[in-house]
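*Asks:* Just passing along the structure, written as structure tokens.
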Amino acid sequence: MLDIGLFLEQDLIIPVEGATAKDWNRDAFWREPWGKSGVHKGIDIFARRGTPALAAASGVVVYQGELKLGGNALMIFDSKWRLHYYAHLDSATVGMGTWVYKGNVVGTVGDSGNAQGRPTHLHYSIMSLIPYLDRYSTRTEGWKLMFYLNPTDYLR
């Protein structure tokens, strides 16, 4: 039953309330060099502190906690076997094991982790647990491109 979602279409929403594609740099995905993480494996959606962060897709929260680089962060596992990673949150409003529906508030935009002192934003990444072999690249950390998807290609 878990695999049926792999074959269904999935429309994602921009995970910051009121944001549009003008609120992030379309060329930021896989930009290098990017500090300790090597390349930028997602996009940064800029918004005021406290702006609601939204579930881009329905799924279950599989991680919520504090990370050195990501600060206050969470991950949502969806029906397409993808992890949606939200980092630099000011606060999280959901905990591990919580089912969220697309559009539910999951936290608020902030500058936690290595974003402290920088403009507040949500770092958002999409990671597939099923590799896209045709995306392999000789670029820096290019083998990881089989798992990381460019959110700009999926958000509406």
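The values are calculated or read from the model by the stated rules, or taken from the named source; none is laboratory data. For clarity, every value in this text was computed on a predicted model and none was experimentally measured. Ideal geometry is used to build each Cβ from the backbone, glycine not excepted, and the neighbour counts take in all protein chains shown. Ligands, DNA and RNA are excluded from the accessible area calculation, which covers all protein heavy atoms including side chains. Shrake-Rupley method; radii C 1.70, N 1.55, O 1.52, S 1.80 Å.
*Asks:* What about residue 47, is it in contact with a helix residue (DSSP H, G or I) (Cβ under 7 Å, 6 or more places away or on another chain) and either surrounded by fewer than 17 Cβ atoms within 10 Å (Cβ to Cβ) or farther than 11 Å from residue 125 by Cα (or both)?
*Replies:* So residue 47 passes the test.
*Asks:* Looking only at segment 1-25, which residues are surrounded by 12 or more Cβ atoms within 10 Å (Cβ to Cβ) and either at pLDDT below 90 or among the basic types (Lys, Arg) (or both)?
*Replies:* 5, 6, 10
Residue-by-condition table, conditions (1) in a loop (DSSP other than H, G, I, E, B); (2) open to solvent by 60 Å² or more (accessible area, probe 1.4 Å); (3) of a type in the set (Phe, Trp, Tyr):
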| site | (1), (2), (3) |
| --- | --- |
| 103 | yes, no, no |
| 107 | no, no, no |
| 114 | no, yes, no |
| 123 | no, no, no |
| 126 | no, no, no |
| 139 | yes, yes, no |
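*Asks:* Taking interchain pairs and intrachain pairs at least six residues apart, which have beta carbon atoms under 6 angstrom, with the first residue in segment 100-125 and within 21 Å of residue 29 (Cβ to Cβ) and the second assigned to a helix (DSSP H, G or I)?
*Replies:* Correct list of pairs: 124/151.
*Asks:* Note down all Cβ pairs under 9 Å where the first residue falls in segment 132-156 and is among the β-branched types (Val, Ile, Thr), the second is part of a helix (DSSP H, G or I), and they're at least six residues apart or on different chains.
*Replies:* 152/21
*Asks:* Can you name every residue in segment 83-99 that is within 22 Å of residue 150 (Cα to Cα) and surrounded by fewer than 24 Cβ atoms within 10 Å (Cβ to Cβ)?
*Replies:* 83, 85
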